[in-house]
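Engineer: The structure that follows is given in the form of structure tokens.
Readers should treat all values here as calculations from the given coordinates under stated rules, not as data from a laboratory. Being a predicted model, the structure only gives us computed values, none of them experimental. For neighbour counting, all protein chains shown are included, and Cβ atoms are generated from backbone atoms with ideal geometry for every residue, glycine included.
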Amino acid sequence: MAGRGELRHKRRVVFKVGTSTLTHPNGSINLSRVDRLAMVLSDLANMGKEIVLVTSGAIGVGMGKLKIAERPSATAERQALAAVGQCELMQLYSKLFSEYGHVVAQILLTRDVVNSERPRANAANTFETLLKKGIVPIVNENDSVSTEELEIAGRNSSFGDNDTLSAIVAALVKADLLVILSDIDGLYDANPSENPGARLLSHVADITPDIAMAAGGSGSALGTGGMAAKIQAARIAFDSGIDMVLANGENPGAIYDIFDGLAVGTLFSRGPAR
């Protein structure tokens, strides 16, 4: 496991970006931020890093596209929104990454794929081939046919969200690093919205009961993952020998600071902080 200074050497990196990073509060796509994200990830690819992007936002973007203000309660309606939003997302990603000289590929996963030996191996082979060709895989849960994430939306559960999915993908592709970009600066020792004295944790070496208790709920009305989901992702990363950084996605340029070894967000890495 690595300290901050060693993150620059990580070559295969999975990035997860949350709905709140991709969209404005009204659900419309935050074009300038997504453009900046595509530019930074393309630049990292130009440096020789292998990039996988796990994206949330299909339902939120679908809501914005159809001008729906409130998240529907019916699963079928959310599935339809995901189908609309996923199309919008991939069109935008393809356009922006191509402007920076990179090709993207869409991969939609369900739990039966990652939990079954042969489909999992097939998926791993697809990722490997895409990465060898310099293509950026863009991954999402297949919400239009899988209801696990949709049915737990709003509950205090770490199952079926894209934070967990990103850690599973990181393990699947044997990534060196997982970076989760969200609407929070990292893991605090208490809920910062309730406790002004809450302290941002720069380094977490193990998921102790105290760390698990520090996990809070979702901060975005458009997303499904909260801090508990990010702790679950960190557990999966730890079990797979993968370092993880949780950071704020408001400024995608901060990704450069992560690889420069600066104290951005929370680093989940076994061993002493350094």
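Engineer: So for the chain, if I pair up every lysine 8 or more residues apart or on another chain, how many of those pairs have alpha-carbons under 18 Å apart?
Structural biologist: Qualifying lysine pairs in the chain: 12.
Engineer: Give me LYS132, LYS95, LYS49 ranked fewest to most by other Cβ atoms within 10 Å of their Cβ, as a rough exposure proxy.
Structural biologist: Least crowded to most crowded, the residues run LYS132, LYS95, LYS49.
Engineer: Let me test this: with uniform point scatterers at the alpha carbons of the chain, what is the Debye-based log₁₀ I(q)/I(0) at q = 0.17 1/Å?
Structural biologist: These q points yield log10 I(q)/I(0) values of -1.47.
Engineer: Hey, another quick one. Can you say what percent of the DSSP beta bridges in the chain, counting only those with both residues inside, are antiparallel? Round to 5.
Structural biologist: 15 percent
Engineer: With each label point set 7 Å from Cα along the Cα-Cβ vector, what nm distance links GLU117 and ASP183?
Structural biologist: It is 4.3 nm.
Engineer: Would you work out which of VAL179, MET39, PHE238 lies farthest towards the positive end of the dipole of the chain? Charges go on Cβ: Lys and Arg +1, Asp and Glu -1.
Structural biologist: Checked the options; the winner is MET39.
Engineer: Continuing with the same structure: Which loop GluC sites (Glu not before Pro) in region 47-120, with loop taken from DSSP, have no more than 13 other Cβ atoms within 10 angstrom of their Cβ?
Structural biologist: Sites meeting the loop and neighbour criteria: GLU70.
Engineer: Oh, and also: Taking springs between alpha-carbon atoms closer than 10 angstrom, which of SER166, SER94, SER182 fluctuates most in the Gaussian network model of the chain?
Structural biologist: Its mean-square fluctuation being the largest, the pick is SER94.
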